[in-house]
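The values are calculated or read from the model by the stated rules, or taken from the named source; none is laboratory data. Note that the structure is a prediction, hence the values are computed from the model and not measured. Don't worry about glycine lacking a Cβ; one is built from the backbone with ideal geometry, like all the others, and counts go over all protein chains shown.
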Amino acid sequence: MGHSTARAALVHQHATAERERLIARSVSDLVTRARTSGSRSLPAPDGHGTGTPG
């Protein structure tokens, strides 16, 4: 990982994992709010965008 000690690598890994969870939770909340507000700019829940074969 490029860290000077195994402890430093573990601290970095933990901080990175926490940050990734925060980002994922935030994106999920944004998508949920957009879908419940009636926004039509998001793809359908099956993952296909408007006009694409499903």
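Tabulated data
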| read-out | value |
| --- | --- |
| The stretch 13-40: number of residues that are under 30 Å from residue 3 (Cα atoms) and polar (S, T, N, Q) | 3 |
| Contacts under 8 angstrom Cβ, first residue in the stretch 5-25 being of a type in the set (A, V, I, L, M, F, W, C), partner at pLDDT below 90, 6 or more apart | 9/1; 9/3 |
